[in-house]
1. Could you list Ser41, Ser85 in order of exposure, starting from the residue whose Cβ has the fewest other Cβ atoms within 10 Å?
2. Report, largest value first, the span of the C-alpha coordinates of the range 25-181 along each principal axis, in whole Å.
3. Where does the chain land at 222 nm, in deg cm²/dmol rounded to the nearest 500, when only DSSP H runs of n ≥ 4 count, each adding -39500 (n - 2.57), divided by all residues?
4. How about the chain: what cysteines have no other cysteine beta carbon under 4.7 Å from their own?
5. Which entries of Lys40/Lys170; Lys93/Lys156; Lys9/Lys93; Lys9/Lys71; Lys49/Lys170 show an alpha-carbon separation above 29 angstrom in the structure shown?
6. Can you pull out the trypsin sites (Lys or Arg not before Pro) in the range 1-69 whose DSSP state is coil and whose Cβ has at most 14 other Cβ atoms within 10 Å?
7. Can you sort Cys63, Cys151 so the residue with the fewest Cβ neighbours within 10 Å comes first?
8. Would you mind calculating the relative contact order of the chain from Cα pairs under 8 angstrom and at least 6 residues apart, reporting the percent as a whole number?
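Here, each number is a calculation from the coordinates, and none is a lab measurement. Because the structure is a prediction, the values reported are computed rather than measured. Don't worry about glycine lacking a Cβ; one is built from the backbone with ideal geometry, like all the others, and counts go over all protein chains shown.
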Amino acid sequence: MNDEYAYTKVDFDNTSLVFVIEDILKNYLGCFLFYNLYIKSIGLKGDEKILDFGCGGGTGSKCLLKFLGSKGHLTCIDTSAYWMSKAEKRMSKYANVEFIVGDIRALPIPDHSFDIITIMHVIHDIEPSGRQNIIDTLVKKLKEDGSLFICEPIRKSHGIAVDELKSLLKNANFSDHPFGN
């Protein structure tokens, strides 16, 4: 880990008012201002099986569902029961989504299950000592020709170093893909 990047443990089940307000704003403005461009860059056909790792309150997940057809499927995973309950409420009208609370490393999800895995603003909130094991697990959940899309803050005050992300992926034998800066 790059020592210049600070890690702060966050209790997502006992969240602060600031996170709640941020989530409300993202729910109303997030698709339009941020998530749509990111999701469009993925180039979905609409029939993919997608894992949204660390879905939180589901704002990004809900936007993903708008790009999936009836043959597509979204699995939302988060360790926080609080945020998962928000996600379930936000996407209750969709039939092609499932919600799982738990640690990806312990969940009974078969390897090679997903066409795409999305990770939006999650890795920097994982304790540094557990990041590699989680990335290793996620890479195993991808189909052989699957894609992993990561969007992370890279500020030193709240984020993760690009070099650390590259190293995590390389160590998981997933290093031959382009990286944005």
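1. Ser41, Ser85
2. 39, 34, 30
3. Working: 6 runs with 64 residues, N = 181.
For the chain, the value works out to -10500 deg cm²/dmol.
4. For the chain, the answer is Cys151, because their Cβ atoms have no other cysteine Cβ under 4.7 Å.
5. Numbers: Lys40/Lys170 26 Å; Lys93/Lys156 39 Å; Lys9/Lys93 33 Å; Lys9/Lys71 38 Å; Lys49/Lys170 24 Å.
Flagged as over cut-off: Lys93/Lys156; Lys9/Lys93; Lys9/Lys71.
6. Working: sites: Lys9, Lys26, Lys40, Lys45, Lys49, Lys62, Lys66; in loops: Lys9, Lys45.
Here the sparse-neighbourhood loop sites are Lys9, Lys45.
7. Working: Cys63 20, Cys151 16.
Listing Cys63, Cys151 from fewest to most nearby Cβ atoms yields Cys151, Cys63.
8. Values: 287 pairs, mean separation 41.9, N = 181.
Relative CO of the chain lands at 23 percent.
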